[in-house]
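First up is the structure itself, then whatever we jot down about it.
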Amino acid sequence: MTLPDWIASAPFKFSKVLIANRGEIACRVIRGCKEMGLATVAIHNDADIGAMHVELADESVHLEGRDLSSTYLSQNAIINACRMTGADALHPGYGFLSERADFAEFVEASGVIWIGPPAKAIESMGDKIRARRLMIDAGIPLVPGAELSSQDTLSETVKELHRVASEVGYPVLLKASAGGGGKGMRNVESPGDLEASYLAAQREAKSAFGDDTVYIERRIVSPRHIEIQILSDTHGDAIHLLERECSIQRRHQKIIEEAPSLAVSDNLRQRMGEAAVDVAKAVNYVGAGTVEFLLSGDEFFFLEMNTRLQVEHPVTELVTGVDLVQEQLRIASGLPLTMTQEEIFPRGWAIEARIYSEDAANGFLPSTGPLAIFRPPEGPGIRFDTGVREGDIASIDFDPMLAKLIVHAPDRERAIVRMARALEEFIILGVTTNVEFLRDVIIHSQFSEGSTTTDFIELNWPNGWDSDADVEAAVVGAACAEKAGLHLSTATSGSSESPDPFNPFMTLGRRYP
């Protein structure tokens, strides 16, 4: 195939990219590479034989074993795969080794081009305490708090904790310096809980990250979680690509994101965008990254910087028209940004919902099983990013996220309606998912009004979310029976309504799980 001029004019330093990841993000990167005329290599372990990302790639390397440590987390195995296939560049995706400074250094030392930020930038932002110091020097607003000396005795540390907490005011958060995803984090409402919470945060941080360093800061009550996407090239240019609102979270994990945000005015967008670019420049950042802030009214505070592509990057792509993966490829090859700050403005509204194999009605516990029926919605303004297909198995080997459903519309009202309709039409049977819960969030009046904060879920479902399990069981039974060639009337006996014998997916008067 002859490459279009716009691809041929991009002289890459590499021709074959190994994607050191799996699932949805591996598929996304593979497609981005192919559109730029680049060959792709997938890696997979025993649990991923025949996976979608393996079939999409031009080549694949089997890393023997099922455990992550010897496969997707093995730096040596991954570099050996580059050598075997002649891959001269590596894209880490997100998760796994994507934010490991030592891996970035290892890749570059092996002569393979790292499609990501410099190792020093990853290291600087990976240590929350070091990042706080850098932000203070750069004049970036921070949540009031303090780091704790590792040289102090426990009694001295507890005394310092009480001093800082009384100074910044309760409630406070204890956070792991090397943390993320809510691990090593404790919310403390009163002085009596401070010492026990500190020791618990230390233990969890040590277990999760191998580092028990903890710091303290004031907890901003009912904030919004706003993040700014940035791009920086090797020529000293850096821009921001507007904001994403990520306030709908469960246990500090985002589940619904949107761009732009109702809470961000043009003036605030400019201020936050400029601050995000300043953060990138403070660590000599190169590539795609995300600066996260807590927003309270018009006051914003630096939270952290994610030195990789974010799960929610599609909403930014849809409202800006910028392909972030392809920009990553260009930047890693030393090419300049393809746009200026003045060319970035919001085009409509985008919302993303993360589809998990989990039981929302049972404390969001992971769910496993076959994707007996897996039929995503279709129609204008719908994007569907996934790494699984009908017939695949949702197992305990990997993260429970099955897919990302993203919609785009001219305005927020129509985007909400489109997402509600898409979730209504999404058919997944054989494994329990959070699709129905997501729709309840989307159609909630508080979400429609745009008045959501990070405690939205716990405030609206303090005792947990529930669904009509009896009707769901009847529907699942009908569909599975139909696939097995059984009579539907037998499979749904006892239900109050008779299903349509020609429609095994009849919802019996309720939306689909």
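The values are calculated or read from the model by the stated rules, or taken from the named source; none is laboratory data. A quick note: this is a predicted structure, and the numbers were derived from the prediction, not measured. Here the Cβ positions follow ideal geometry from the backbone for every residue, glycine too, while neighbour counts run over all protein chains shown.
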Q.
Need pairs with beta-carbon distance below 6 Å; first residue surrounded by fewer than 16 Cβ atoms within 10 Å (Cβ to Cβ) and within the range 451-475, second modelled with pLDDT of 50 or more; sequence gap 6+ or separate chains.
A. 455/222; 466/361
Q) Pick from the range 186-236 the residues that are more than 30 Å from residue 329 (Cα to Cα) and among the acidic types (Asp, Glu): which of them is surrounded by the fewest Cβ atoms within 10 Å (Cβ to Cβ)? A) 189
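Taking the condition of being of a type in the set (Asp, Glu) and within 18 Å of residue 454 (Cα to Cα), how many residues in the range 179-193 meet it?
In the first step, residues of the range 179-193 are kept if they are of a type in the set (Asp, Glu); the result is 189, 193.
Next, from what is left, pick out any that are within 18 Å of residue 454 (Cα to Cα): 189.
Selection size over the range 179-193: 1.
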Q: Restricting attention to the range 130-139, report how many residues are under 24 Å from the mean Cα position of the chain (by Cα) and either part of a loop (DSSP other than H, G, I, E, B) or surrounded by fewer than 17 Cβ atoms within 10 Å (Cβ to Cβ) (or both).
A: 1
Q: May I ask you to verify whether residue 183 is outside any helix (DSSP H, G or I), surrounded by fewer than 18 Cβ atoms within 10 Å (Cβ to Cβ) and among the basic types (Lys, Arg)?
A: yes
**Q.** Selected residue (only one of 437, 426, 384, 374 is at negative phi, among the aromatic types (Phe, Trp, Tyr) and within 18 Å of the chain's Cα centre (by Cα))
**A.** 384
**Q.** The one condition in (1) crowded, with 17+ Cβ neighbours inside 10 Å; (2) assigned to a helix (DSSP H, G or I); (3) of a type in the set (Lys, Arg) that residue 175 fails to fulfil
**A.** (2)
Q) For the range 314-323, does any single residue satisfy the condition of being touching a Ser or Thr at 6+ places or on another chain (Cβ under 8 Å) and not β-branched (Val, Ile, Thr)? A) no
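Matching residues to (1) part of a helix (DSSP H, G or I); (2) at pLDDT 95 or above:
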site	(1), (2)
334	no, yes
338	no, no
378	no, yes
384	no, yes
390	no, yes
408	no, yes
414	yes, yes
422	yes, yes
440	yes, yes
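Are there helices (runs of 4 or more DSSP H) fully within the range 1-113 with at least 1 residues that are crowded, with 22+ Cβ neighbours inside 10 Å? List them. Walk me through how you get there before you give the answer.
On the way: elements: 5-8, 23-35, 52-56, 75-85, 101-109.
Hits in the range 1-113: 23-35, 52-56, 75-85, 101-109.
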